[in-house]
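Remarks on the structure that follows.
The values are calculated or read from the model by the stated rules, or taken from the named source; none is laboratory data. As the structure is a prediction and not an experimental result, all values here were calculated from the model. No Cβ is skipped: glycine too gets one built from the backbone with ideal geometry, and neighbour counts run over all protein chains shown.
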């Protein structure tokens, strides 16, 4: 990276140890500076407005407001701020969602040691950086098209359900009523033609929305 000024970066992730580790990696490069941290989506939005970073490294899965929703809100307020989404697993659905909402990049966390600065360099120069372990692009499958019919909240709840959380646990995590969770759940099952929790889990695993062992 050879830029005339340092790239100002905001880290948004709900795990303090990960933020600390990522900060150390970033601070090893003289061309970047970490100007702030956020522990959830709401704080990411607030810090972005306050600090106006060049780039936000945004975890997808965070409480209150997830990384996708935070990306949408931040890009509306600060269109010139670039956002690189970070996630635990490769997920083509999340990657497409992020791009549609204005994210400039996407990286699985396991690739950070190899590709983080390459992604930052690309994004800071106005390009995009969406990681892919496979070359080329694919036509959207029927599963992808069905998935796209879900709202962002429904997609979030789908992942939480598949991850083993109950309606009550989801309501507490997302600060919404159990009735609202149940309504979303019914809508998800109707749109995806699923009939029970086992089918939800099978759907998300088959189509790469979550990974086994997550």
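Okay, residues lined up against (1) at pLDDT 90 or above; (2) outside the structural domain of residue 106 (by TED's automatic domain parsing); (3) crowded, with 19+ Cβ neighbours inside 10 Å:
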residue	(1), (2), (3)
151	no, yes, no
158	yes, yes, yes
167	yes, yes, no
174	yes, yes, yes
185	yes, yes, yes
Hey, any hits in the stretch 10-17 for a residue that's at pLDDT 95 or above and within 19 Å of residue 153 (Cα to Cα)?
no
Is one or more of the residues making up the stretch 98-109 under 30 Å from residue 171 (Cβ atoms), at pLDDT below 95, surrounded by fewer than 24 Cβ atoms within 10 Å (Cβ to Cβ) and out of contact with any strand residue (DSSP E or B) (no Cβ under 8 Å at 6 or more places or on another chain)?
yes
Filter the stretch 10-36 down to residues that are crowded, with 20+ Cβ neighbours inside 10 Å and either in the same structural domain as residue 173 (by TED's automatic domain parsing) or under 14 Å from residue 70 (Cα atoms) (or both), then give me how many there are.
4
